[in-house]
1. So which residues in segment 153-176 are farther than 19 Å from residue 143 by Cα and part of a strand (DSSP E or B)?
2. I'd like to verify a number: residues in segment 235-249 that are in a loop (DSSP other than H, G, I, E, B), surrounded by 15 or more Cβ atoms within 10 Å (Cβ to Cβ) and at pLDDT 95 or above, how many?
3. May I ask you to list the residues in segment 212-234 that are more than 18 Å from the chain's Cα centre (by Cα) and either assigned to a strand (DSSP E or B) or free of Cβ contacts under 8 Å to residues at least 24 places away in the same chain (or both)?
4. Would you pick out the residues in segment 144-157 that are closer than 17 Å to residue 216 by Cβ and surrounded by fewer than 17 Cβ atoms within 10 Å (Cβ to Cβ)?
5. Please specify each residue of segment 22-50 satisfying the condition of being modelled with pLDDT of 95 or more, in contact with a helix residue (DSSP H, G or I) (Cβ under 9 Å, 6 or more places away or on another chain) and of a type outside the set (A, V, I, L, M).
6. Within segment 180-211, count every residue that is in contact with a helix residue (DSSP H, G or I) (Cβ under 7 Å, 6 or more places away or on another chain), closer than 19 Å to residue 158 by Cβ and in a helix (DSSP H, G or I).
7. Looking at 104, 94, which is the one that is part of a helix (DSSP H, G or I), in contact with a Phe, Trp or Tyr (Cβ under 7 Å, 6 or more places away or on another chain) and crowded, with 17+ Cβ neighbours inside 10 Å?
8. Could you grab the pairs with beta carbons closer than 6 Å, sequence gap of 6+ or different chains, first residue in segment 22-34 and touching a residue at least 12 places away in the same chain (Cβ under 8 Å), second one of a type in the set (S, T, N, Q) and not in a helix (DSSP H, G or I)?
Amino acid sequence: MSPGRRALLRLLMLAPQSLVWRFARVYIAGQTLDEAVDAIRALNGEGCRATLDVLGESVTRAEEVQAYVDEYVRALEAIVEARLDANISIKPTAMGLAFSPELARDSVRKILEAAAGHGLTVRLDMEDSSVTQKTLDLYRALRAEGLANVGVVLQSYLRRTLVDARELAAAGASVRVCKGIYVEPRRLAYQDYWLVRDAFLDAVEVLLREPKAYVAIATHDEWLVFQSRRLIAELRVPRERYEFQMLLGVDPAMRKMIVSEGHPLRVYVPYGTGWYAYSIRRLVENPRFAAHVVRNVLGFGPPQRA
């Protein structure tokens, strides 16, 4: 993270949560499942798929994990009842991965089995580098149990990612590739903007070239979208083997352009009471919105329309 964004993060942490919510609301479907269902229904109407995420991570007690499992099962039932084109994503640390890999495996298994009963898939989100290997181990353990409806995520800014991409491609995995948003040291992650971009395309190409793999290209970087489309055309990759992914509230104009070109696109739709940490990360990632919050906090006048 650049010094400027570190300073921005410190300022945002001083902002009242009510003010952060005012601006972060664009990235979040709401605090209830009903609000998330409404958001997905609207996206489906635009020709977009969705992935539903219950906000929350880094839990420390088994009873908290169970609450998340119950909520995900409820979310799966809501997707089926409302006949939505959606799947779900889960944070492994919300399943207890940081303190009990065994609990996390049991908890994710319950969600996968519930999803499989409805013909739905589940993706394990990737968090900071302290749980990268644990998350990949969890994914492989679940696949080894015969649970095929699980996917995983790779972050292109991590130096290890190309090796992981090759291994996952050979195994026929479903992989979301994103740049990565957590603050990581240089020994683990590329710090240069273009290196991260190049690494992103390298990972995407490895996965696109493997006929058994499925790749979710998660980016709002229009240059990366362009280059990924070029690879898809050159390699003649069928629609059944890839999709683009974007976050709720980010660049809806580009989202519509990608869909209008005939590419499958999925929107990440988070909801829940654990919205604050997610919102801070999104605001730091998008300084235009964050600047509105900081301006208000520092008394520089009312925020302007984005």
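1. Residues satisfying the conditions are 155, 158.
2. Residues flagged as in a loop (DSSP other than H, G, I, E, B), surrounded by 15 or more Cβ atoms within 10 Å (Cβ to Cβ) and at pLDDT 95 or above within segment 235-249 amount to 1.
3. Residues satisfying the conditions are 226, 230, 233, 234.
4. Result: 148, single match.
5. 34, 46, 47, 48, 49 - these are the residues of segment 22-50 that are modelled with pLDDT of 95 or more, in contact with a helix residue (DSSP H, G or I) (Cβ under 9 Å, 6 or more places away or on another chain) and of a type outside the set (A, V, I, L, M).
6. 10
7. Exactly one of 104, 94 is part of a helix (DSSP H, G or I), in contact with a Phe, Trp or Tyr (Cβ under 7 Å, 6 or more places away or on another chain) and crowded, with 17+ Cβ neighbours inside 10 Å, namely 94.
8. Short answer, once both residue conditions are applied: 31/273.
The values are calculated or read from the model by the stated rules, or taken from the named source; none is laboratory data. Note that the structure is a prediction, hence the values are computed from the model and not measured. Quick reminder, even Gly has a Cβ in these numbers, built from the backbone with ideal geometry, and neighbours come from all protein chains shown.
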